[in-house]
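Participant: Input: one structure, supplied below.
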Amino acid sequence: MLKQIGIAQNRVDGPMKVTGEAAYAADRRPGGQLYALAVRSPVAAGTITRIETAAAKSVAGIVAIYTHANAPAALDWHADPAVMALSGEGLGRQALEAAEPEAPPPYLPMTGPDIVFAGQWIAVVVATSLEAAREASLLVKPIIEPHEASVEIDARNDRFLEPGFFFAADMQVQRGAWPDTAAKQQIVSETYRTPMQNHHPMEPSATVAVWDGDAVTVFDSTQGVMATREYVARSLKLPLDKVRVISAFVGGGFGGKNQTWPHQALAAHIARALGRPVRLQLTRADMAVASGHRSQTEQDVALQAASDGSLTALRHVSRVPTSLHGNFFEPSGLNSLMLYEAAALGVRHHVVRKAFATPTPFRAPGETPGSFAVESAVDELAHALAQNPLDLRQRYIPSRDHYHDRDWSSNNLLECYRRGAEAFGWPEGVIVPRARRDGHELIGVGMATTAYPAPALPAIVRLRLRVEGKLQVETSATDIGTGMYTILAQTVADELSLPVEAIEVRLGDSNFPHAPTAGRSKSTASLLPAAQHAARALLQRLAAAVREPLSELSNVALQDRLKAAGLAELEAEGSSTGLQVGQQVSFYSFGAHFIEVRVDEALGRVSVTRVVSALDCGRIVNPKTATSQIRGGIIFGIGMALMEDAAFHPTRARMINDNLADYAIPVNADIPEIDVIFVGEPDNRFNELGVRGLGEIGVPGTAAAIANAVFAATGQRVRNLPITPSAIVRGGE
Ligand code: MOS
């Protein structure tokens with residue numbers, strides 16, 4: 001009997017956030033704190049001859065300046081491969097190693113004179129105030145011998161690596177023979193491009209390090225305190241129990257705080273060297289280069305179908321960059337392995353090293369850019385076949401996960417199509433471009449499919465019942481804006497028949513029980529079963545303490561029982577196992593976006609005017625926070641479709657919009673009502689609660705649905721994102 005799960009409960013941490021009571025990393029102000037700021041390389045490639053610091057050192061309040069010349073000795077700052085393997089620089093190394101036996105050494109700033117991307121940290125200034133640090137940072141003068149640098153992908157001349165297994169999938173798949181093109185087939189064969197994107201969460205990354213004897217507490221903005229603790233501890237050469245990482249509130253992450261980055265360890269190294277607390281905060285410009293990004297992609301998609309629409313072949317070839325020393329690359333073909341059943345399937349990834357900072361996962365990595373290409377191509381195929389895109393997609397619903405050779409635990413994609421189309425008023429028959437006009441605006445509708453895996457990892461949740469005060473729930477998981485505080489309270493409240501108000505959830509402290517990093521939409525399915533088990537364990541322990549059967553405890557005041565037993569408090573833990581190796585079925589979430597746009601061709605302006613998305617994400621724990629997650633994902637997709645584009649200077653290979661004035665993202669005026677429909681039944685083959693995560697599934701497909709709607713409105717097929725006014729005015733080029 002579920003009383004709290006399924007209720008649109010307000011965020012339990014909402015009042016703390018809006019009153020400023022919630023302390024984010026950079027809000028911590030330990031006494032005697034110093035302020036550290038980075039100095040970035042102005043060039044993309046070169047060798048540092050020397051760095052002049054005399055003028056910077058004369059600024060009042062300057063305490064120290066670190067460069068490659070003194071940081072390794074003064075801070076014990078070294079690019080130890082064991083440490084780097086844990087960082088954002090290490091992710092993907094195994095996938096690339098097969099293709100590149102002589103992998104370049106891992107990169108860490110201030111360990112040598114080489115510049116490998118523009119914006120690389122070449123110095124860090126430390127001062128008694130932020131203002132002094134800022135002034136000094138502007139006076140640090142690097143003398144650099146510049147080299148040639150390239151950030152352009154050249155499909156013909158670049159040397160591409162062919163990575164192996166990554167993100168639980170083979171990156172080079174060939175199945176069946178490409179059908180005879182002479183046969184009566186409809187073919188779509190196009191190249192799609194997506195731009196580099198920056199995560200830019202509202203809260204920039206920041207780390208405050210405070211030493212107490214030989215132990216350090218790190219207040220950090222991270223998606224995973226346990227991963228950060230391990231990275232920081234290994235970097236400092238300390239045992240894990242000497243490092244505590246606290247990240248109680250996080251103002252967004254989107255993947256940029258999923259991996260660990262140098263500043264998180266560097267703050268602790270500097271604080272140790274100087275014997276004072278240190279705050280190292282990333283500026284907006286740092287956020288564009290020092291905490292990952294989504295790389296640009298170039299994707300060739302070819303679809304071949306019989307005249308009735310049945311799909312005979314799908315080829316999806318991606319060319320994506322990584323940095324000169326890192327390894328992560330965008331696995332754009334992931335969903336092509338699973339979502340469309342074609343006798344001939346070719347999915348390949350080609351990776352090229354360029355003078356970029358290292359890319360990293362960015363909300364639905366792989367699926368997001370991949371879905372733009374494939375979901376655009378399916379729409380192109382529908383128009384070529386003179387079929388309604390919805391009808392075509394309905395016949396493409398994958399009956400099972402053919403790639404892994406497993407059934408789906410559940411798949412309600414057909415129901416998503418049906419309910420979404422009905423709520424949206426999706427038209428029947430062939431969609432004729434340029435058929436609807438309202439004054440100077442053309443109106444069009446587009447749709448696309450989304451899908452995202454549902455992983456789960458082991459987690460532990462601890463409950464503490466006390467005679468006084470609220471029942472405490474503790475786990476090291478983070479709430480990066482997703483609603484984890486709230487749904488944990490709901491789950492425990494449900495099991496113990498308590499109101500949500502009787503529960504206090506405490507998160508984001510590495511001293512709390514183990515939980516996985518918040519990423520890849522796995523936290524809900526990892527944490528909630530553990531919370532459920534913890535509540536049951538607590539009831540059992542209480543029953544044993546008061547020597548009464550469990551059944552008589554369900555609705556009594558737990559605290560009275562505790563008091564009667566003569567106990568001040570009672571603890572219990574519960575754990576979850578995560579997904580087991582050798583699972584028998586595939587756990588996936590599915591959905592469909594239906595979008596209307598209006599296009600003013602004279603001005604080139606595209607407005608998204610209506611969005612209906614129907615999703616199958618298992619049982620919905622909290623319709624309010626769940627809807628908010630999906631809306632956020634769709635807004636991400638709108639930004640990707642129409643605005644976001646980390647642009648580079650054509651010859652200097654340097655990002656020219658590393659700030660929120662020039663890097664456009666959607667604001668309220670860009671966002672229409674977004675109608676989110678959840679169609680899923682509880683996925684009880686996944687876990688007892690039937691819950692799946694949903695932090696990312698809103699993003700894939702959104703940009704394609706918009707591009708498809710732009711085609712319906714204007715007849716222009718835009719295959720290069722973003723769809724800017726100039727692209728519309730130029731006719732989709
Ligand atoms: Mo997410 S891109 O898995 O943090």
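The values are calculated or read from the model by the stated rules, or taken from the named source; none is laboratory data. Just so we're clear, the structure is a prediction, and the values are computed from it rather than from any experiment. Here the Cβ positions follow ideal geometry from the backbone for every residue, glycine too, while neighbour counts run over all protein chains shown.
Residue by residue, here is whether (1) touching a Leu at 6+ places or on another chain (Cβ under 6 Å); (2) of a type in the set (Val, Ile, Thr); (3) within 16 Å of the ligand (Cβ to nearest atom) holds:
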{"residue": "Gly366", "(1), (2), (3)": "yes, no, yes"}
{"residue": "Ala377", "(1), (2), (3)": "yes, no, no"}
{"residue": "Gln387", "(1), (2), (3)": "no, no, no"}
{"residue": "Trp408", "(1), (2), (3)": "no, no, no"}
{"residue": "Asn411", "(1), (2), (3)": "no, no, no"}
{"residue": "Leu414", "(1), (2), (3)": "no, no, no"}
{"residue": "Ala423", "(1), (2), (3)": "no, no, no"}
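Participant: Please list, ordered by residue number, the helices (runs of 4 or more DSSP H) wholly in segment 43-107 having 2 or more residues that are closer than 30 Å to Gln33 by Cβ.
Facilitator: 54-57, 71-75, 81-84
Participant: Okay, moving on. Considering only residues of segment 168-215 that are within 30 Å of Gln33 (Cα to Cα) and touching a Leu at 6+ places or on another chain (Cβ under 7 Å), which is surrounded by the most Cβ atoms within 10 Å (Cβ to Cβ)?
Facilitator: Filtering first and then ranking leaves Thr207.
Participant: Another one. Determine if segment 229-240 includes at least one residue that is within 15 Å of the ligand (Cβ to nearest atom), of a type in the set (A, V, I, L, M, F, W, C) and assigned to a helix (DSSP H, G or I).
Facilitator: No, every residue in segment 229-240 fails to be within 15 Å of the ligand (Cβ to nearest atom), of a type in the set (A, V, I, L, M, F, W, C) and assigned to a helix (DSSP H, G or I).
Participant: State all residues of segment 580-609 that are farther than 14 Å from Ile443 by Cα, in contact with an Asp or Glu (Cβ under 8 Å, 6 or more places away or on another chain) and not in a loop (DSSP other than H, G, I, E, B); if no residue qualifies, say none.
Facilitator: If the condition is that a residue be farther than 14 Å from Ile443 by Cα, in contact with an Asp or Glu (Cβ under 8 Å, 6 or more places away or on another chain) and not in a loop (DSSP other than H, G, I, E, B), then Val585, Ser586, Tyr588, Ser589, Phe590, Gly591 are the ones that fit.
Participant: Here are some conditions: (1) under 25 Å from Phe219 (Cβ atoms); (2) within 16 Å of the ligand (Cβ to nearest atom). Ile503 meets all but one. Which one does it not meet?
Facilitator: Status for Ile503: all satisfied but (2).
Participant: Could you check, for segment 123-136, whether at least one of its residues is under 13 Å from Ser41 (Cα atoms) and part of a helix (DSSP H, G or I)?
Facilitator: no
Participant: As an exercise: evaluate Ala661 against (1) crowded, with 23+ Cβ neighbours inside 10 Å; (2) among the aliphatic types (A, V, I, L, M); (3) under 30 Å from Val289 (Cα atoms) and give the number of the one condition it does not meet.
Facilitator: Tallying (1) crowded, with 23+ Cβ neighbours inside 10 Å; (2) among the aliphatic types (A, V, I, L, M); (3) under 30 Å from Val289 (Cα atoms), Ala661 fails exactly one: (1).
Participant: Right, next: Taking the options Gln186, Gln197, Gln259, Gln281, name whichever one is out of contact with any Ser or Thr (no Cβ under 7 Å at 6 or more places or on another chain) and under 30 Å from Val301 (Cβ atoms).
Facilitator: Of Gln186, Gln197, Gln259, Gln281, the one residue that is out of contact with any Ser or Thr (no Cβ under 7 Å at 6 or more places or on another chain) and under 30 Å from Val301 (Cβ atoms) is Gln197.
Participant: Additional query: Ser336 fails exactly one of the following numbered conditions: (1) without any contact (Cβ under 8 Å) to a residue 60 or more places away in the chain; (2) in a loop (DSSP other than H, G, I, E, B); (3) closer than 30 Å to Arg685 by Cα. What is the number of that condition?
Facilitator: Failing condition for Ser336: (2).
Participant: Any chance you could count how many residues in segment 270-311 are away from the ligand (no atom under 16 Å from the Cβ), surrounded by fewer than 24 Cβ atoms within 10 Å (Cβ to Cβ) and in a helix (DSSP H, G or I)?
Facilitator: Number satisfying all stated conditions: 6.
Participant: Give the residue that is surrounded by the fewest Cβ atoms within 10 Å (Cβ to Cβ), with candidates limited to residues of segment 1-27 that are modelled with pLDDT of 95 or more and basic (Lys, Arg).
Facilitator: Selected residue: Lys17.
Participant: Return the residues of segment 683-712 that are outside any loop (DSSP other than H, G, I, E, B) and more than 19 Å from Met643 (Cα to Cα); say none if nothing qualifies.
Facilitator: Val691, Ala712
Participant: Those residues that are more than 25 Å from the chain's Cα centre (by Cα) and within 17 Å of Val430 (Cα to Cα), I need them from segment 706-720; list them, please.
Facilitator: Ala709, Val710, Phe711, Ala712, Ala713, Thr714, Gly715, Gln716, Arg717, listed by residue number.
Participant: Would you mind finding the one in Thr524, Thr517 that is within 30 Å of Tyr417 (Cβ to Cβ), of a type in the set (S, T, N, Q), surrounded by 22 or more Cβ atoms within 10 Å (Cβ to Cβ) and within 16 Å of the ligand (Cβ to nearest atom)?
Facilitator: Thr524
Participant: Residue pairs, Cβ under 8 Å, 6 or more apart or interchain, first in segment 119-142 and at positive phi, second of a type in the set (Val, Ile, Thr). List them.
Facilitator: Filtered contacts from segment 119-142: Gly119/Val289.
Participant: A follow-up question, please. Looking at this structure, is Glu100 surrounded by fewer than 23 Cβ atoms within 10 Å (Cβ to Cβ), acidic (Asp, Glu) and more than 30 Å from Asp170 (Cα to Cα)?
Facilitator: Criteria not met by Glu100.
Participant: Just to be sure I understand, how many residues within segment 435-472 are in contact with a Ser or Thr (Cβ under 9 Å, 6 or more places away or on another chain), part of a strand (DSSP E or B) and more than 30 Å from Asp600 (Cβ to Cβ)?
Facilitator: Of the residues in that region, 7 qualify.
Participant: Collect the residues in segment 213-228 that are in a loop (DSSP other than H, G, I, E, B) and touching a residue at least 60 places away in the same chain (Cβ under 8 Å), keeping them in residue-number order.
Facilitator: Result: Ser221, Thr222, Gln223, Gly224.
Participant: Please enumerate the residues belonging to segment 65-78 that are buried (at least 20 other Cβ atoms within 10 Å of the Cβ) and either aliphatic (A, V, I, L, M) or under 18 Å from Val232 (Cβ atoms) (or both).
Facilitator: Those that are buried (at least 20 other Cβ atoms within 10 Å of the Cβ) and either aliphatic (A, V, I, L, M) or under 18 Å from Val232 (Cβ atoms) (or both): Ile65, Tyr66, Ala71, Leu75, Trp77.
Participant: While we're on this one: For residues that are of a type in the set (A, V, I, L, M), under 23 Å from Asp13 (Cβ atoms) and more than 16 Å from the ligand (Cβ to nearest atom), scanning just segment 241-269, find the one that is surrounded by the most Cβ atoms within 10 Å (Cβ to Cβ).
Facilitator: Going through the qualifying residues, I end up with Val245.
Participant: Spot the failing condition for Glu601; the list is (1) among the acidic types (Asp, Glu); (2) within 30 Å of Ala355 (Cβ to Cβ); (3) out of contact with any Pro (no Cβ under 7 Å at 6 or more places or on another chain), and only one is missed.
Facilitator: (2)
Participant: Can you tell me which residues in segment 684-696 are more than 16 Å from the ligand (Cβ to nearest atom), touching a helix residue (DSSP H, G or I) at 6+ places or on another chain (Cβ under 9 Å) and not aliphatic (A, V, I, L, M)?
Facilitator: Phe686, Asn687, Glu688
Participant: Let me ask another. For segment 355-393, which residues satisfy the criterion of being touching a residue at least 60 places away in the same chain (Cβ under 8 Å), in a loop (DSSP other than H, G, I, E, B) and surrounded by fewer than 21 Cβ atoms within 10 Å (Cβ to Cβ)?
Facilitator: Scanning segment 355-393 gives Leu385, Gln387.
Participant: Continuing with this model, one more query. When Asn668 is evaluated against the numbered criteria (1) over 30 Å from Glu152 (Cα atoms); (2) touching a Phe, Trp or Tyr at 6+ places or on another chain (Cβ under 9 Å); (3) of a type outside the set (A, V, I, L, M), which criterion, by number, is the only one it fails?
Facilitator: Condition (2) is where Asn668 drops out.
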